[in-house]
Amino acid sequence: MLTITNAERIFIDGNEERTGPLHISEGTVVGADPAQDDGEVLDATGCVVTPGLVNAHHHLLQSAFRTLPGTRGAAMSEWLPTMATAYDAASVDPELASFAASVGAAEGLLCGVTTVADHHLSWPRGADTVSIARASAEAVRRIGARLAFVRGTAGDDPQAAAASAEDIVSALLPGTTSGVSGDGMLQLAVGPAGVHSDGPETYKLLGEVARRHGLRRRTQSNEQVDVGIAQERYGRRPLELLEDWGWLEDDVTLAHLCGVTPWEISRIATSGATATHAPGCDLPMGWGISPVAALLDAGVKVGLGTSGGGSNDAGHLLADARLAMQIAPLVGRAVSAREALSIATEGSAQGLGRPELGHLRSGAAGDLCAWDVAGIADAGVADPVAGILWASPGRRPRHVVVAGRVVVRDFQLVNTDEHELVTALRRRVGR
């Protein structure tokens, strides 16, 4: 039993907040007055407690390739080859995947991210894809976070990509019918990068893998490059293609969605597909602003992602939730702090098909963050929940709990040494 005490406020979900203790037993949130009251006590004095944040769209490998010359303020046509050259020079292999995933997951935990979806798109020709996937999964598990590993493609041979996805499922989650491990720490999914890089055969074959094993499907859509190439190559819009290819359905999540029309928003809502907003990537890449309020008002479930270090050099999801809240009025109505927080928690979890994540109702997974609101940055704040986002852009949680286990205590990682992770990655990539 883990009991969180003395919190100033507990954000249960977008509709409920309370005070009083919170109890976690065997990794699950239980009622306010459990039968047993022994076990560890985590003092949250001066803190607002929230569900653990769920980063619904990341590229963990890019944690090793941040602020590379030629990637900031560059067009996608320049950005892609610059990143590809860096990957080739570093040789993407299981060791690099492990180091990058360790750093990305550790950074996430220190910023309150308890679950991260890693859309892995870089597979060198002839690579041992199972070993790369396993290395990423084991690294994130050692750090103490949950991982949704997405076997992605970016122009890979369709048959090879599908065979690789099958092999990864067989090796990491043999016999799965849900795509989620028994302890909930690992999830597998599939996802082409977008219609700009992958054609109908890739979508078809990866969709078949997903159906065989109960995996979620994820792709990127309606960035500028996606819209432009779809029009040039097919004479159609990306979402029209995805619908024709069977990828506008309720097990699909669409990342970015910057350039969408009102009709397309309505079509997404009707299909049951979910969305992932990634403003910390979309703005610096010049792709525009996803109309999050319009998506929400149409009934689309919206999550939040940072995307990778090649486009967003930080894995700070709370900072991106703040950014999402700040830019929303530029393309529609304002989005409140509680809406933004809900997007970064339960909205993201819904896109992963994980009803146990992203909230603190009874029966939820025991994932939470305790955010210190007693310092100078929160002086004068009238609403401590709204203040989590509006005040202190670089805010980090004092404590983080995953599956009932404390993984960050007093702002420090519990399971590993932060500086050892940094040193290992620097040695590996020569920076």
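The values are calculated or read from the model by the stated rules, or taken from the named source; none is laboratory data. What you see is a predicted model; the values in this text were computed from it and never measured. Note: ideal-geometry Cβ built from the backbone for every residue, glycine included; neighbour counts use all protein chains shown. Remember, those area values only see protein heavy atoms, side chains included, never the ligands or the DNA or RNA. Shrake-Rupley method; radii C 1.70, N 1.55, O 1.52, S 1.80 Å.
Residues whose amide H falls under 5 Å from that of His120, counting only those 5 or more places apart or on a different chain, are Val150, Gly152, with hydrogens built in the peptide plane.
This model, with +1 at the C-beta of Lys and Arg and -1 at the C-beta of Asp and Glu, gives the chain a dipole about its Cα centre of some 520 debye. Placing unit charges on each Cβ (+1 for Lys and Arg, -1 for Asp and Glu) gives region 245-388 a dipole about its Cα centre, and among Trp263, Ala275, Met285 the Cα reaching farthest toward its positive end belongs to Trp263. Evaluating kT/(6 pi eta Rh) at 4 °C and 1.567 mPa s, with the Kirkwood radius of region 366-431 over Cα pairs in the Stokes-Einstein relation, gives 93 µm² s⁻¹. Sorting the segments 211-224, 304-317 by their residues' average number of neighbouring beta-carbon atoms within 10 angstrom, most packed first, yields 304-317, 211-224. Once the Cα atoms are used to define both axes, helix 224-234 deviates from the longest principal axis of the chain by about 30 degrees.
Taking GluC sites (Glu not before Pro) across region 1-68, the ones in a DSSP loop with at most 12 further Cβ atoms lying within 10 angstrom of their Cβ are Glu26.
A P(r) calculated from all alpha carbon pairs of region 88-205, with 10 Å bins opening at zero, reads 14, 45, 34, 7 percent. Among the trypsin sites (Lys or Arg not before Pro) in region 80-156, those located in a DSSP loop and surrounded by at most 15 other Cβ atoms within 10 Å of their own Cβ are Arg125. Roughly how many Å is it from the Cα centre of region 147-178 to that of region 351-398, as a whole number? If you average the Cα positions of each part, the centres end up 33 Å apart.
In the elastic network of the chain, a GNM with C-alpha springs shorter than 10 Å, the most mobile of Gly347, Gly380, Gly155 is Gly380. Accessible surface calculations at 1.4 Å, restricted to protein heavy atoms, place the chain at 37 Å² per residue. Report D for region 257-354 in µm² per second (integer): Stokes-Einstein, Kirkwood Rh on Cα pairs, 25 °C, 0.890 mPa s. My calculation gives 185 µm²/s for D.
Projecting the Cα atoms of Gly112, Val408, Gly332 onto the charge dipole of the chain, computed from C-beta unit charges around the Cα centre, puts Gly332 farthest toward the positive end. Put simply, when 85-96, 100-111 are sorted by average Cβ atoms within 10 angstrom per residue, most first, you get 100-111, 85-96.
In degrees from 0 to 90, rounded to the nearest 10, what is the angle of the helix 158-172 Cα long axis to the longest principal axis of the chain? Rounded to the nearest ten degrees, it is 30. Beta bridges per DSSP, both residues in the chain: antiparallel share near 40 percent. For region 307-431, with all protein chains in place and a probe radius of 1.4 Å, 53% of the accessible heavy-atom surface sits on carbon or sulfur.
Between helix 94-110 and the chain there is an angle of about 40 degrees, using the helix long axis and the longest principal axis of the Cα atoms.
In region 276-431, the inverse of the mean reciprocal separation of distinct Cα atoms equals 17.1 Å; this is its Kirkwood hydrodynamic radius. Here region 43-115 has 59 percent of its accessible surface on carbon and sulfur atoms, given a 1.4 Å probe and all protein chains in place. The HN-Hα couplings worked out from phi for region 295-303 by the Karplus form 6.51 cos²θ - 1.76 cosθ + 1.60 (θ = phi - 60°) are 4, 4, 5, 7, x, 7, 6, 10, x Hz, whole numbers, x standing for Gly and Pro. Largest first, the three principal axis extents of the alpha carbons in region 29-124 are 59, 29, 18 Å in whole numbers. A simple charge model with +1 on the Cβ of Lys and Arg, -1 on the Cβ of Asp and Glu and nothing else charged puts the dipole of region 297-397 at about 100 debye relative to its Cα centre. Taking the protein heavy atoms of region 204-246 in the context of the full set of protein chains, the accessible area attributed to carbon and sulfur is 46 percent at 1.4 Å. Farthest towards the positive end of the charge dipole of the chain, among the residues Val209, Gln231, Leu352, is the Cα of Gln231, using unit charges on the Cβ of Lys, Arg, Asp and Glu.
Find, to one decimal place in angstroms, the Kirkwood hydrodynamic radius of the chain, where the mean of 1/r is taken over every pair of different Cα atoms and then inverted.
The Cα-based Kirkwood calculation yields 21.5 Å.
Solvent-free Debye calculation, one equal scatterer per alpha-carbon of region 194-341: log10 I(q)/I(0) at 0.12, 0.15, 0.18 Å⁻¹ equals -0.48, -0.75, -1.07. Taking all protein chains as they are arranged and a probe of 1.4 Å, the heavy atoms of Leu413 leave approximately 20 Å² accessible to solvent.
Restricting the chymotrypsin sites (Phe, Trp or Tyr not before Pro) of region 351-431 to loop positions (DSSP other than H, G, I, E, B) with no more than 10 neighbouring Cβ atoms within 10 Å leaves nothing. The GNM of the chain, with springs linking C-alpha atoms under 10 angstrom apart, assigns the highest mean-square fluctuation among Ser342, Ser122, Ser77 to Ser77.
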